[in-house]
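Undergrad: Below is one structure. I have some questions about it.
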Amino acid sequence: MKIIKAVVGVLRNESGQILIAKRQNHQFMAGFWELPGGKIECNESTEQTIIRELNEELGVKVNTLSLHQTMQHTYADRMVELCIYNIDQYQNIPLGIEGQQIAWASIQDLRNYQLLPTMKAFINSITLPNKYWITPSSNHQSEAWMEKFDEKMTQDISLIQLRSKITIDVDFIAELHDKCKQHGVKLLINTIDKSFGEPHCDGWHITTGEMSKLNKRPCDEDKLLGASTHNLEEALKAQEIGADFVVISPVQATQTHPDTIPLGWGKAKEVVDKLNIPVYFLGGMGSDDLDKTLKLGAQGIAGVSAF
């Protein structure tokens, strides 16, 4: 199978809209919309490619950029290995120099376009935060537990997993969800009796065991679905059933599971490189590890006490 290595860039305007371009009639997947970019030429780095392509296609001069995400997508006759870069600073107003149609679109409006398959994962990656807080799994409703939860409402946390090994009162979950909504935080449920129909949440997080029993996505597309994984095989399974993101663990040694051999940064990066969907690193993570995690192309870090 033919392997194509390509790079695309995320350009934003002052309103926060993202620039997309429509593939022309002579191109593969004609008529579909995508991020601007192109194929890597011989002896080019990915950074050199995106700088050249954006200048040739749009007349844009890139000043600063950073890696956002890497992904692979397999079509019937080819595999595309894609690097996505945030164009943090650039000069000149983008124009369709090569005759291509371009448009500025908000995150919400992107879903109204006929997008390339890789764009769904990209949308998830730019709407999900780089920190994913997991609640302590016991003593819910205790004063100490509630203090921790309320504390996160005032910090830079916008995605929370409500984790419990026992059944939790529905009214209590509704109370937590109301708090989250007031602070712009999304709440995912990870309880032992989840039905994927609970009304007081923004989605669900499934365990590795639960995932092994599924062969398709168990919830609607307008809800978030996260999955716990411990190796590449499990992560690929999560992607196959339609998870929006995965958590891979343990990346580093942890005090809670001292006998578990950590994956290490190399294996964790392999998961990032092989998956299209966002990946959070869990296990031995701290705020100091966030920058390194992002540079590897992961979505961010997850943890109970990481932040």
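Any read-out appearing in this document is the output of simple, stated calculations on the displayed coordinates, not a laboratory observation. On a predicted model such as this, the values are computed, not experimentally measured, just so you know. Cβ atoms come from the backbone with ideal geometry, glycine included; neighbour counts cover every protein chain shown.
Undergrad: I need to check one value: relative contact order of segment 1-157, counting alpha carbon pairs closer than 8 Å and at least 6 residues apart, in percent. List each step's numbers first, then the result.
TA: Values: 247 pairs, mean separation 40.5, N = 157.
About 26 percent, as a whole number.
Undergrad: Further question: At a Förster radius of 25 Å, what calculated FRET efficiency corresponds to the Cβ-Cβ distance of E41 and D109, to the nearest 0.05?
TA: Working: r = 33 Å, r/R0 = 1.31.
The formula returns an efficiency of 0.15 here.
Undergrad: Using just the Cα positions, wrap segment 2-118 in a convex hull and report its mean projected area in square nanometres, one decimal place.
TA: Details: hull surface 28.7 nm².
Answer in nm², one decimal: 7.2.
Undergrad: Amide H to amide H, which residues 5 or more places from G203 or on other chains are under 5 Å from it, using H placed in the peptide plane?
TA: I189, L224
Undergrad: Would you work out the charge dipole size for the chain about its Cα centre, treating the Cβ of every Lys and Arg as +1 and the Cβ of every Asp and Glu as -1, and quote it to the nearest 20 debye? Don't jump to the answer; show the numbers that get you there.
TA: Values: 30 positive and 39 negative charges, 127 e Å.
The calculated dipole for the chain is roughly 620 debye.
Undergrad: A further question follows. So who's got an amide H within less than 5 Å of the one on I134, skipping anything under 5 residues away but keeping other chains? H placed 1.01 Å off N, in plane.
TA: Q161, G303, V304
Undergrad: Return the single residue from L263, L214, L232 with maximal mean-square fluctuation; model: Gaussian network over the chain, springs between Cα atoms under 10 Å.
TA: Result: L214 has the largest fluctuation of those listed.
Undergrad: Work out the length of the dipole vector of segment 7-129 about its Cα centre, built from +1 on the beta-carbon of each Lys and Arg and -1 on the beta-carbon of each Asp and Glu, and round it to the nearest 20 debye.
TA: About 320 debye.
Undergrad: I'd like the Karplus ³J(HN,Hα) series for segment 72-81: coefficients 6.51, -1.76, 1.60, θ = phi - 60°, whole numbers in Hz, and an x wherever there's a Gly or Pro.
TA: 10, 9, 9, 9, 4, 10, 7, 10, 10, 9
Undergrad: Oh, and also: Relative contact order for the chain: what is it in percent, counting Cα pairs under 8 Å that are at least 6 residues apart? Before the final figure, lay out the partial values.
TA: Numbers: 600 pairs, mean separation 46.0, N = 307.
The value is 15 percent.
Undergrad: What spacing in nm lies between the two simple spin-label points modelled at S287 and T167, each 7 Å away from Cα in the Cβ direction?
TA: Using points 7 Å along Cα→Cβ, the separation is 4.0 nm.
Undergrad: Please work out how much length the chain gains when fully extended from H257 to I241, using 0.36 nm per residue of separation minus the C-alpha to C-alpha distance, in nm with one decimal. Numbers along the way, then the final one.
TA: On the way: separation 16, 0.36 × 16 = 5.76 nm, distance 2.82 nm.
Taking 0.36 nm per residue and subtracting the Cα distance, the gain is 2.9 nm.
Undergrad: Quick one: which residues, 5 or more positions from Y75 or on another chain, have an amide H under 5 Å from its amide H? H modelled 1.01 Å from N in the peptide plane, none for Pro or chain starts.
TA: Those lying under 5 Å, H to H, from Y75 are V80.
Undergrad: Can you flag which of K165/K223; K39/K131; K148/K267; K152/K237; K2/K22 are past 29 Å Cα-Cα? Walk me through the numbers on the way to the answer.
TA: Values: K165/K223 22 Å; K39/K131 32 Å; K148/K267 32 Å; K152/K237 31 Å; K2/K22 23 Å.
Distance filter (> 29 Å) returns K39/K131; K148/K267; K152/K237.
Undergrad: Would you mind calculating the relative contact order of segment 159-307 from Cα pairs under 8 angstrom and at least 6 residues apart, reporting the percent as a whole number? Intermediate values should be presented prior to the final figure.
TA: Working: 257 pairs, mean separation 22.1, N = 149.
Once divided by the residue count of segment 159-307, the mean separation gives 15 percent.
Undergrad: Label-point separation (nm) for E270 and T154, each offset 7 Å from Cα along Cα-to-Cβ?
TA: Taking the simple label geometry, E270 and T154 are separated by 4.4 nm.
Undergrad: Calculated FRET efficiency, E98 and K5, Cβ-Cβ r, R0 22 Å, to nearest 0.05? Walk me through the intermediate numbers first.
TA: Values: r = 20 Å, r/R0 = 0.92.
Rounded to the nearest 0.05, the efficiency is 0.60.
Undergrad: Still on this structure, I have one more. What share of the DSSP beta bridges in the chain is antiparallel, in percent to the nearest 5?
TA: Details: 22 of 58 bridges.
Of those bridges, close to 40 percent are antiparallel.
Undergrad: Give the residue from I301, G284, V272 lying farthest towards the positive end of the charge dipole for segment 247-307; charges sit on Cβ (+1 for Lys and Arg, -1 for Asp and Glu) and the dipole is referred to the Cα centre.
TA: The residue sitting most towards the positive pole is V272.
Undergrad: What value, in deg cm²/dmol to 500, does the helix sum -39500 (n - 2.57) over DSSP H runs of n ≥ 4 give at 222 nm once divided by the residues of the chain? Display every interim value, and only then the final one.
TA: Numbers: 9 runs with 82 residues, N = 307.
After summing the helix terms and dividing by the residues of the chain, the value is -7500 deg cm²/dmol.
Undergrad: How big is the charge dipole of segment 96-231 about its Cα centre, in debye rounded to the nearest 20, if each Lys and Arg gets +1 on its Cβ and each Asp and Glu gets -1 on its Cβ? Could the numbers behind the result be given before it?
TA: Working: 15 positive and 18 negative charges, 102 e Å.
That gives a dipole near 500 debye.
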